Amino acid sequence: MRVALMIEGQEGVTWEQWCALADACEEHGVETLFRSDHYISQVDEDGKVAHDAWTTLAALAARTTTLRLGTLVSPATFRLPGLLANAAATADHVSGGRIELGIGAGWMEREHRAFGFPFPETSVRVEMFAEQLEIVHRLWTEDRVDFHGRHYVLEDAPGLPKPVQKPHPPILVGGSGLRGTADPAARFADEYNSPFVSPDDFAAIRAKVVAACERAGRDPATMRFSTMCGCLIGATRADALERARELYARAPRDVDFDAWLEGYSNRSLFGSVDEVAEQLGAYERAGCDRVMLQHLLHADLEPVRLIGRELAPAVA
């Protein structure tokens, strides 16, 4: 199992902190740094900066040498597909071929209303996502693209710039295994990501995507499967508890610390390196190829070292 770091960029991550996180990843051998693609905090709209995802990734690409970088995931509602394809391909050139593109339908209504992004009903957003996925894939792999869909029309579009990676950068689709995301993913994606699910739920979602691959005539073995999990990790359980108390104190809670931690532990990874590695084993047995560890205490770089130096080798 491969391990990546996931940062919620909309929760006040400054440029200086992005640089420190990327440097720590490269120093300690974390293979990939993913970031969310949101424009507004879910915790504190007035106090949390939210830098643009693709601008941030391109800038990090220019100052790193080995770290892979990607979105988890870019909503179809934020950008036209031609713009998204070009932005990600440009970042791939800046990085020398280290970009991964995650695409989803979008879900946070508040940020759409705040900044004027369209937010149609779920079925329409899923249609937009499916068309975007196909268009990006085709722009990256075909010389010229004509596309006439319900939401987007391209007329003899030159598929330039082509990305550095061949045949194209890895494309991840975020979803819960429903046909609206599973069927397009089976045709055009390289990886299917199911966030915040239990190992049993992960296995059930994976089975649905495998069935979608079979319907599409694709060998399911060519699809990778991943999940994103919350993670509070320490060299010891006591260290993890200290980080849990810090995270608990960051926002008003309706329950006391012990009740909150019990709930967090039921849906996320918590404990020492050995304990987290054991918890990850259940996901690996469920068919998970990669896990993106959500690190909410983004100014704390010690978990990055633990993940790269100790956890990743333990589960590889």
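The values are calculated or read from the model by the stated rules, or taken from the named source; none is laboratory data. None of the values given here were measured: they were computed from a predicted structure. Methodologically, a virtual Cβ is constructed for each residue, glycine included, from the backbone with ideal geometry; neighbour enumeration extends over all protein chains shown. For the accessible areas, the whole protein counts, side chains as well, though only heavy atoms, and no ligand, DNA or RNA atoms are used. Shrake-Rupley method; radii C 1.70, N 1.55, O 1.52, S 1.80 Å.
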Which one of the conditions (1) open to solvent by 30 Å² or more (accessible area, probe 1.4 Å); (2) outside any helix (DSSP H, G or I); (3) in contact with a Gly (Cβ under 8 Å, 6 or more places away or on another chain); (4) within 23 Å of LEU21 (Cβ to Cβ) does VAL255 fail to meet, given that it meets all the rest?
(4)
All but one of (1) modelled with pLDDT of 95 or more; (2) part of a helix (DSSP H, G or I) hold for HIS298, so report the exception by its number.
(2)
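Which is open to solvent by less than 10 Å² (accessible area, probe 1.4 Å) and not in a helix (DSSP H, G or I), of LEU21, LEU69, LEU84?
The conditions single out LEU69.
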Do we find that LEU33 is open to solvent by less than 10 Å² (accessible area, probe 1.4 Å), assigned to a strand (DSSP E or B) and over 23 Å from GLU310 (Cβ atoms) in this structure?
no
Output for the stretch 143-162, where each listed residue is in a loop (DSSP other than H, G, I, E, B) and either closer than 23 Å to GLU127 by Cβ or hydrophobic (A, V, I, L, M, F, W, C) (or both):
GLY149, ARG150, HIS151, TYR152, GLY159, LEU160
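Restricted to the stretch 99-113, and to residues that are touching a residue at least 60 places away in the same chain (Cβ under 8 Å) and not in a helix (DSSP H, G or I), which residue is nearest to LEU60 (Cα to Cα)?
Looking at the filtered set, the residue picked out is ILE99.
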I'd like the residue in the stretch 106-152 that is within 21 Å of the chain's Cα centre (by Cα) and open to solvent by 70 Å² or more (accessible area, probe 1.4 Å) and, out of all such residues, is nearest to ASP37 (Cα to Cα).
TRP107
Look at ALA4 and say whether it is within 23 Å of MET228 (Cα to Cα) and in contact with an Asp or Glu (Cβ under 7 Å, 6 or more places away or on another chain).
yes
Could you tell me whether the stretch 14-23 includes any residue that is at pLDDT below 95 and either out of contact with any strand residue (DSSP E or B) (no Cβ under 7 Å at 6 or more places or on another chain) or under 30 Å from ASP156 (Cβ atoms) (or both)?
no
